[in-house]
Amino acid sequence: MSMTKNITDKFELLADLGTLKVPAAYDHETQLDSFTKKYRSQFYYYNPSVTDENFGNPTVRLVPGQMVHVRAFRQMVPETLTSEERMEFLAGQKALLTGAQGATLVFEQMRDLLPKGYWYVSFDEKAALWSDEAGHGVPILDAHSVHAFGLRLGRFSNRWRDVDATLCFCKAG
């Protein structure tokens with residue numbers, strides 16, 4: 001008789017990054033494009049499709065002054081997992097799906113706290129993600145090392161590996 005693991009049993013806390021405070025000057029309408037102008041030179045790879053036009057409608061829009069508790073979870077099972085499985089895990093955590101905007105704020109405020117060697121995936125509902133002929137793009141903050149970051153797009157159709165950590169944004173408090 002085989003036992004199917006509960007989805008929460010497939011993940012463990014990699015890092016509790018603490019509380020992120022959305023800056024007073026945060027403007028959802030321009031966050032991604034202004035982030036690109038300010039930080040692009042600090043990335044060894046930067047996907048040009050991460051723009052306000054392409055990712056302007058995340059499931060949860062962050063607002064100035066909002067406090068969000070951020071954690072990163074690592075997959076504990078050797079097999080790959082689907083985006084749907086990771087979304088199921090996030091639903092169990094009561095996660096706020098912030099998409100690319102959440103990933104950029106983690107870089108701005110918490111990049112030094114990220115364990116290096118992981119790709120931090122910032123999920124959103126499939127319908128909220130930008131898509132092209134390759135599929136729906138899922139923002140990934142690649143924290144290769146202390147001085148090597150990338151901002152990539154995975155695909156919602158991907159099977160995710162154990163180096164693909166899942167960012168989890170929740171209401172603080």
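The values are calculated or read from the model by the stated rules, or taken from the named source; none is laboratory data. Every value quoted in this text rests on a predicted model; they were computed, and no experiment measured them. Cβ atoms come from the backbone with ideal geometry, glycine included; neighbour counts cover every protein chain shown.
Which residue, of 94, 126, is basic (Lys, Arg), over 15 Å from residue 73 (Cβ atoms) and surrounded by fewer than 20 Cβ atoms within 10 Å (Cβ to Cβ)?
Values: 94 fails: over 15 Å from residue 73 (Cβ atoms).
It is 126.
Screening 108, 53, 84, 79 for residues that are closer than 22 Å to residue 18 by Cα, of a type in the set (D, E, K, R) and not in a strand (DSSP E or B) leaves exactly one candidate, 108. Taking the criterion of being touching a residue at least 12 places away in the same chain (Cβ under 8 Å) and over 27 Å from residue 9 (Cα atoms), the residues of the stretch 137-173 that qualify are 145, 146, 148, 149, 150, 151, 152. For the residues 58, 64, 115, 48, the requirement of being over 13 Å from residue 167 (Cβ atoms), touching a residue at least 12 places away in the same chain (Cβ under 8 Å) and part of a loop (DSSP other than H, G, I, E, B) singles out 64.
Residue-wise test of (1) among the aromatic types (Phe, Trp, Tyr); (2) surrounded by fewer than 16 Cβ atoms within 10 Å (Cβ to Cβ); (3) closer than 21 Å to residue 169 by Cα; (4) modelled with pLDDT under 95.
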position: 2; (1), (2), (3), (4): no, yes, no, yes
position: 11; (1), (2), (3), (4): yes, no, yes, no
position: 25; (1), (2), (3), (4): no, yes, yes, no
position: 33; (1), (2), (3), (4): no, yes, no, no
position: 36; (1), (2), (3), (4): no, no, no, no
position: 70; (1), (2), (3), (4): no, no, yes, no
position: 82; (1), (2), (3), (4): no, yes, yes, no
